[in-house]
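Heads up, the thing below is written out as structure tokens.
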Amino acid sequence: MAEITLEFPDKSKKKFSSGITAQKIAEQIGPRLAQAALSAKLDDKIIELDLPIKENGKFSILTWEDIEGKKSLWHTASHVLAEAVTSLFPDAKPTIGPPIEEGFYYDFFVKKNFTPEDLAKIEKKMMQIISEKRKIEREEVDKKKALEKFAQNKFKQELIEEFAEAGKKLSIYRQEKFYDLCKGGHVSNTEKIKAVKLLKTSASYWRGDSKRESLQRIYGIAFPKESMLQEYLKQKEEAEKRNHLKLGKELDLFSMQDEAPGTIFFHAKGTQLWNTLQEFARTEQKKRNYQEVIAPIILKKELWLKSGHWDHYKDNMYFTKIDDEEYAVKPMNCPGHILIYANARHSYRDLPIRMAEFGLVHRHELSGVLNGLFRVRKFTQDDAHIFCTPEQIESEVKGVLELAEHYYKTFGFEYRVELSTRPEKAMGAKETWDKAEASLKNALKASGKEFKLNEGDGAFYGPKIDFHIKDSLGRSWQLGTIQLDFQMPEKFSLKYIDRNDKEARPVMIHRAIFGSMERFIGILIEHYAGVFPVWLAPVQVKVISVSDKHAAYAEKIHEEFVNQGIRSELDARGETVSFKVREAQMQKVPYIVNVGEKEETAKTIAVRDRTGKVEFGIPLKKFAERVMQETAQRK
Ligand SMILES: [Zn+2]
Ligand SMILES: [Zn+2]
């Protein structure tokens with residue numbers, strides 16, 4: 001009997017008879033894994049647990065702990081959704097329905113938009129289908145048979161023609177009564193799904209193309225346990241309260257307007273927050289000998305051809321013509337910094353050069369994926385490029401690790417680190433990679449920070465380290481990166497004169513810690529629920545006059561705060577004190593300063609903090625010192 005060899009994540013290899021299923025393998029490993037298994041991975045493919053395996057490869061069992069495991073459950077739920085919709089709305093044509101980062105969606109061609117009542121009905125039908133414990137089965141078909149099977153659905157037919165053209169295998173996934181064109185990646189029985197929630201509908205276009213048919217998209221999520229859905233809904237409600245779009249409006253931080261889709265209008269308070277963050281980054285970078293630069297935003301086509309962006313990134317770039325010459329708006333800051341580096345001769349004594357820029361970049365994103373501050377078309381990176389010798393990689397990476405630790409701690413983020421190494425298709429000699437990877441590992445070990453190793457997941461131009469932070473809701477965000485780059489210095493023939501007076505090639509390290517300023521601000525708003533610590537709060541102190549009589553004294557107090565560099569606002573309107581206090585509280589201002597008869601006579605102030613505690617008779621100087629100290633300490 002034929003045998004196959006599978007390599008497990010721990011690198012161990014085992015032989016099995018050909019045709020064994022992943023389910024059987026999971027059972028051999030242990031009952032707990034067999035119970036938790038959702039699907040499996042063979043090389044890059046997600047396969048069903050009951051699919052006979054006939055090829056050698058890298059193999060792993062996927063559970064809810066793996067994003068791909070989650071996706072196999074969500075993918076199956078999307079098929080169940082399609083069945084539920086077509087059984088309730090026989091005219092609806094399913095188009096495509098993939099799993100996404102969180103849940104799944106399915107796009108339907110329908111005559112009438114779905115209503116919230118429809119969603120409730122569909123959800124009920126889905127639960128019924130799931131309870132029938134439908135087996136999911138794969139069938140491979142040829143083009144003719146596929147076209148026959150989907151004779152009533154021109155969307156599927158278009159896909160079939162296209163897949164056949166590209167020489168792809170066509171397969172159909174059947175859950176007894178319903179079948180769908182699909183390349184696979186499912187759980188093997190609908191019973192694995194224990195809870196489903198349909199979240200919302202939205203409009204979409206066939207193939208994301210606004211010139212083609214309008215579709216209705218239904219978003220949903222599914223779980224292998226009912227309690228997980230309850231947990232998810234609770235967290236979602238909390239996240240809803242902290243939603244940065246809602247808080248952004250309430251706190252008057254920013255807006256988005258039709259005149260510039262995918263870009264942000266930062267209002268005065270949002271800009272203050274932005275500037276505080278920049279000042280923080282500037283101060284920390286200066287301490288570590290970074291030099292700040294400002295490069296142009298629009299640069300000639302030739303540069304982008306040379307950097308490779310023209311070939312690999314064109315679809316996401318904006319272009320313009322100036323004096324009949326072609327230009328592009330930069331999607332990345334690296335080429336600008338390279339030109340600054342290359343503008344002078346460098347000796348090994350000059351290195352490392354740590355070049356930083358709050359780099360404004362534009363990247364075209366489809367309007368459907370734009371999402372508040374999280375996904376925009378124009379954003380600013382806290383970018384830096386370190387040009388160094390190969391020997392300096394380790395100490396430079398150490399420096400960035402230390403900087404990242406300092407940043408994330410300041411905002412109260414826990415974080416984890418991942419190291420991605422040489423992929424199959426990589427540029428540069430293997431020895432160079434090995435050395436660079438060893439430097440990264442050494443730096444990580446020296447930092448004492450545990451890290452996850454993603455072997456073969458690096459960019460083709462160099463290994464990288466990623467930072468994933470956890471916010472106060474326990475959500476994970478990928479923020480910073482450190483990427484080693486052997487390619488750009490080569491492409492641009494960057495040089496330095498080494499110790500032996502010979503020309504040598506520097507290494508380039510791309511690094512960002514906030515990542516995108518816009519996205520980071522969005523994360524911060526939700527992380528703090530708008531209740532910023534004193535050092536970040538756009539308004540630190542609100543001075544409130546108790547009555548008109550004390551307006552002048554209130555103004556004097558406010559002016560003194562402003563003169564001392566405290567971000568103060570004055571409310572001397574003729575409204576009642578309680579009204580003004582309530583408004584300031586809604587604005588989540590850290591300190592509310594009341595000024596009335598008693599205060600004016602004694603030349604003191606009364607201070608109310610965010611917990612509602614009021615302290616009377618405080619000398620202004622003493623309070624100002626406290627605010628300034630809290631600001632300096634970034635408390
Ligand atoms: Zn599918
Ligand atoms: Zn870069």
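The values are calculated or read from the model by the stated rules, or taken from the named source; none is laboratory data. Predicted, not measured: the structure shown is a model, and the values here were computed from it. All Cβ positions, glycine included, derive from the backbone under ideal geometry; neighbour counts span all protein chains shown. SASA here: full protein model, heavy atoms, side chains in, ligands and nucleic acids out. Shrake-Rupley method; radii C 1.70, N 1.55, O 1.52, S 1.80 Å.
Couple of notes before you dig in:
- Of LYS580/LYS603; LYS549/LYS621; LYS306/LYS398; LYS70/LYS269, pairs whose Cα-Cα distance is over 28 Å: LYS306/LYS398; LYS70/LYS269
- Cα Rg over Rh - the range 517-635, Kirkwood: 0.98
- Residue-wise HN-Hα coupling along the range 45-60, computed from phi with Karplus coefficients 6.51, -1.76, 1.60 (Hz; x: Gly, Pro): 9, 8, 10, 6, 5, 9, 7, x, 9, 10, 10, 6, x, 7, 10, 8
- The residues packed around LEU119, meaning those with a beta-carbon under 13 Å from its beta-carbon, carry a net charge of +3 if Lys and Arg are +1 and Asp and Glu are -1.
- Its relative contact order, with pairs defined as Cα atoms under 8 Å and 6+ residues apart, puts the chain at 8 percent.
- Eligible lysines near LYS321 by straight Cα distance, threshold 18 Å, same-chain separation 8 or greater: LYS300, LYS301, LYS330
- Segment PHE579-HIS364, extension gain: residue separation times 0.36 nm, minus the distance between their alpha carbons: 72.9 nm
- Projecting the Cα positions of TYR528, HIS385, ASN500 onto the charge dipole of the chain (unit charges on Cβ atoms of Lys, Arg, Asp and Glu, taken about the Cα centre) puts TYR528 furthest along the positive direction.
- Computed label-point distance, nm, for sites GLU418 and VAL531 using a 7 Å Cα→Cβ extension: 3.2 nm
- Accessible area of the range 467-613 belonging to carbon and sulfur atoms, whole % at 1.4 Å probe: 48 percent
- Lys/Arg +1, Asp/Glu -1 at C-beta; the range 387-492 dipole; positive extreme among GLN483, ALA459, PHE413: PHE413
- Dipole in debye (nearest 20) - the range 135-232, about Cα centre, beta carbon charges: Lys, Arg +1; Asp, Glu -1: 100 debye
- Counted as membrane-span-like here are DSSP H helices of the chain whose alpha-carbon atoms extend 15 Å or more along the helix's own axis and whose Kyte-Doolittle mean is -0.5 or above; these are 67-88, 116-131, 393-410, 517-528, 551-563.
- Protection proxy ranking, peptides 88-95, 4-11, average beta carbon neighbours within 10 Å, highest first: 88-95, 4-11
- Placing +1 on the Cβ of every Lys and Arg and -1 on the Cβ of every Asp and Glu, with nothing else charged, gives the chain a dipole about its Cα centre of roughly 840 debye.
- The range 282-341 and the range 172-249: distance between their alpha carbon centers, rounded to Å: 38 Å
- Exceeding the 23 Å Cα-Cα cut-off - candidates LYS13/LYS169; LYS144/LYS169; LYS54/LYS452; LYS542/LYS635; LYS144/LYS168; LYS124/LYS246: LYS13/LYS169; LYS54/LYS452; LYS124/LYS246
- Spin-label model distance (nm) - GLU161 vs LYS133, 7 Å beyond Cα toward Cβ: 4.4 nm
- Cut-off 20 Å (backbone N to label point 7 Å along Cα→Cβ of LYS225), residues of the range 170-195: 187-195
- Where a label projected 7 Å from the Cα of VAL110 along Cα→Cβ would reach, residues of the range 64-97 with amide N under 19 Å: 77-97
- Projecting the Cα atoms of ASN289, ILE264, HIS309 onto the charge dipole of the range 259-322 (Cβ charges, centred on the Cα centre) puts ASN289 farthest toward the positive pole.
- Charge sum, other residues only, whose C-beta stays under 10 Å from PHE374's C-beta, Lys/Arg counted +1 and Asp/Glu -1: 0
- The chain: equivalent-ellipsoid semi-axes (sqrt of 5 x gyration tensor eigenvalues, Cα, Å): 48, 36, 25
- Point-charge dipole on Cβ atoms (K/R +1, D/E -1) for the range 590-635, about Cα centre, debye to 20: 220 debye
- Averaged over its residues, the chain has an accessible area of 50 Å² per residue, based on protein heavy atoms and a 1.4 Å probe.
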